[in-house]
């Protein structure tokens with residue numbers, strides 16, 4: 001076995017952490033020599049703790065028998081990193097950025113870039129170590145709020161193409177921490193790599209990044225097509241880049257420009273906003289497809305049936321049970337948008353997405369009707385807002401809020417509310433406030449409501465806060481729905 005990159009062979013054979021009674025220790029944390037009571041995490045042979053209090057020589061463990069094993073170093077580092085993460089229940093995650101390139105025939109750069117999620121330390125709700133998850137066994141499976149993330153610790157072995165393909169099949173974000181180049185190997189060095197912006201982490205794959213990249217690429221393609229069309233036909237289209245006026249007026253014109261591009265290209269080529277292909281989905285059985293959808297949502301069939309299926313006719317327009325294909329769309333497209341909710345989509349987008357994953361026998365009209373009835377049914381349940389021209393925007397921040405909104409409506413809004421411990425990110429709350437402003441008017445009041453500060457939680461109960469904001473020009477039932485949709489509150493007992 002080759003030593004890690006950047007490490008000498010002699011250092012690679014040292015054991016930086018000793019295992020005693022299920023926990024790892026540094027050499028100076030235990031008694032010197034055999035009295036340390038530690039064993040090698042790799043081969044389980046007894047270790048000798050070599051102390052160097054002066055620091056001129058690095059303290060380390062050595063095998064008592066004198067025959068170093070080939071797995072002690074890597075196994076010790078892996079276990080130490082997992083121990084730190086499990087103990088602290090926190091982790092630094094790098095930013096998620098989506099980029100779509102595009103240079104026009106004029107040489108103009110139409111490329112777009114958008115921050116999907118900022119970097120930072122995240123608190124973890126749960127940490128599972130070396131648990132089987134579908135076709136892979138990640139080093140860690142952590143829960144951050146409502147999202148599950150696969151965590152890989154790389155010392156000499158990194159995620160390869162086979163494992164990457166399996167991660168993509170699961171549809172879950174995966175982050176890898178590169179510990180191969182650490183100059184020192186101790187708990188302090190690991191803390192810097194795992195809990196700070198020490199540039200040791202990278203996203204192996206992130207589904208929201210892929211979705212946002214596809215959305216941005218569609219807009220870039222629209223820009224490029226408009227430029228080509230203008231060159232060929234001499235037609236001048238409203239681009240609004242030289243708009244005058246204040247910030248709000250300019251923002252509105254830019255929004256109109258984007259909408260004009262979408263409608264124009266949709267009319268000309270019918271190719272806008274088709275999500276990227278996924279391989280292997282048609283090969284899954286109905287039960288496997290349903291299990292995959294429930295895993296992405298983090299739910300079970302009983303809870304899923306509280307929301308789905310939406311009645312559609314004809315039921316045979318898609319070669320799968322309504323619960324199966326509807327759950328796949330909800331988990332794989334609607335509730336995995338780049339904003340963690342509040343993503344735009346169209347009936348055409350959903351049809352293209354479904355056709356990539358399910359057989360659609362024959363009648364295109366019946367297929368279109370089934371998809372439309374499904375989206376309209378989600379609108380009736382409060383999960384989507386219809387913007388017109390068969391375009392929708394998601395009006396919830398994820399599966400828990402979707403289930404809460406549907407359950408609350410069915411129970412008449414009488415179940416008590418409770419504050420959630422983890423509030424939604426600012427960009428999610430603000431984006432949903434824009435959606436609710438579009439749905440119910442009074443957009444400025446919704447924007448203020450979307451800027452609620454976490455220190456409000458605990459000062460007043462949720463119902464009192466709802467009444468306060470309802471008394472400022474908003475309907476109480478709408479405010480209650482916004483709190484549930486954004487993830488500020490939950491229904492008591494859920």
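Here are some notes:
- Going through (1) closer than 19 Å to residue 152 by Cβ; (2) within 19 Å of the chain's Cα centre (by Cα); (3) touching a residue at least 12 places away in the same chain (Cβ under 8 Å) one by one, residue 211 falls short only on (1).
- Within the stretch 168-182, the set of residues being part of a loop (DSSP other than H, G, I, E, B) and within 7 Å of residue 154 (Cβ to Cβ) comprises 179, 180.
- Scope the stretch 74-123; condition outside any strand (DSSP E or B) and within 15 Å of residue 224 (Cβ to Cβ); matching residues: 101, 102, 104, 105, 106, 107, 108, 110, 111
- Test: residue in the stretch 99-119 that is surrounded by fewer than 17 Cβ atoms within 10 Å (Cβ to Cβ), within 28 Å of residue 299 (Cβ to Cβ) and not assigned by TED's automatic domain parsing to the domain that holds residue 421: yes
- Positions within the stretch 375-391 being touching a helix residue (DSSP H, G or I) at 6+ places or on another chain (Cβ under 8 Å) and under 18 Å from residue 307 (Cα atoms), in sequence order: 375, 378, 381, 382, 383, 384, 385
- Among residues of the stretch 404-415, those that are in contact with a helix residue (DSSP H, G or I) (Cβ under 7 Å, 6 or more places away or on another chain) and more than 14 Å from residue 482 (Cβ to Cβ), counted: 1
The values are calculated or read from the model by the stated rules, or taken from the named source; none is laboratory data. Please read these numbers as outputs of a predicted model, since none were measured by experiment. All Cβ positions, glycine included, derive from the backbone under ideal geometry; neighbour counts span all protein chains shown.
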